[in-house]
Amino acid sequence: MTIAAILQNKGTEIISVGPDQRVGEVVKLLADRRIGAVPVIAGGRVEGIFSERDVIYRLAQDGPAALDRRVSEVMTSPALTVEKSTPIMSALALMTQRRIRHLPVVEGGAVVGLVSIGDLVKLRIDRIEADAEAMRLYIAGN
């Protein structure tokens, strides 16, 4: 199973920001949309990823002045990305090893989606539950 399966169920809506947007503006976007991260895109390419963690680290360093900074000054860059063909277990391993929770999905350098660790875990759990149900039915002789 690949990342493409997640995007098929989740959809490919991409909420993104530009590198020159102000941190305070993007924090409001994260809060309004109830999301934890957004890709930072310029010229159709992923420049980085801006997450809740980036905000916390910069606030701890600069205080409230961090909210007036440009996203490009605060984002994590370069962003780790995956392709639609990436196996889910490979993406999960990458996220676990690098301690990240969001991965932009790219094709030919362009962003085509964003997956979270929650998306990956949910798909794995759904698959395990479906396999368990199939096994119960098989054992029951149905």
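The values are calculated or read from the model by the stated rules, or taken from the named source; none is laboratory data. These numbers come from a predicted model, not from an experiment. To get the accessible areas, we keep the full protein, side chains included, count just its heavy atoms, and leave off ligands, DNA and RNA. Shrake-Rupley method; radii C 1.70, N 1.55, O 1.52, S 1.80 Å.
Applying the Karplus relation 6.51 cos²θ - 1.76 cosθ + 1.60 with θ = phi - 60° to segment 124-141 yields 3J(HN,Hα) values of 4, 5, 4, 5, 5, 5, 5, 5, 5, 5, 4, 5, 4, 5, 5, 5, 6, x Hz, where x marks Gly and Pro. The fraction of accessible area contributed by carbon and sulfur in the chain is 53 percent, rounded to a whole number (1.4 Å probe; ligands and nucleic acids excluded). Each residue of segment 112-121 is assigned a 3J(HN,Hα), and the resulting list reads 10, x, 9, 10, 10, 4, x, 4, 5, 5 Hz, derived from the Karplus form 6.51 cos²θ - 1.76 cosθ + 1.60 (θ = phi - 60°), x at Gly and Pro. Can you give the calculated 222 nm mean residue ellipticity of the chain, where each DSSP H run of n ≥ 4 adds -39,500 (n - 2.57) and the sum is split over every residue, rounded to the nearest 500 deg cm²/dmol? Calculated mean residue ellipticity at 222 nm is -15000 deg cm²/dmol.
Using a Gaussian network model of the chain in which every pair of alpha carbons under 10 angstrom is joined by a spring, one finds that among S77, S116, S51 the greatest mean-square fluctuation is at S77.
Counting only heavy atoms of the protein chains, get the accessible area per residue of segment 23-118 (1.4 Å probe) and round it to a whole Å² value.
Counting only protein heavy atoms, the per-residue value for segment 23-118 is 54 Å².
Hey, which lysines would be in cross-link range of K28, C-alpha to C-alpha under 26 Å, not counting anything within fewer than 8 residues on its own chain? Those lysines meeting the cut-off are K10. Cα centroid separation, segment 1-72 to segment 82-100: 19 Å.
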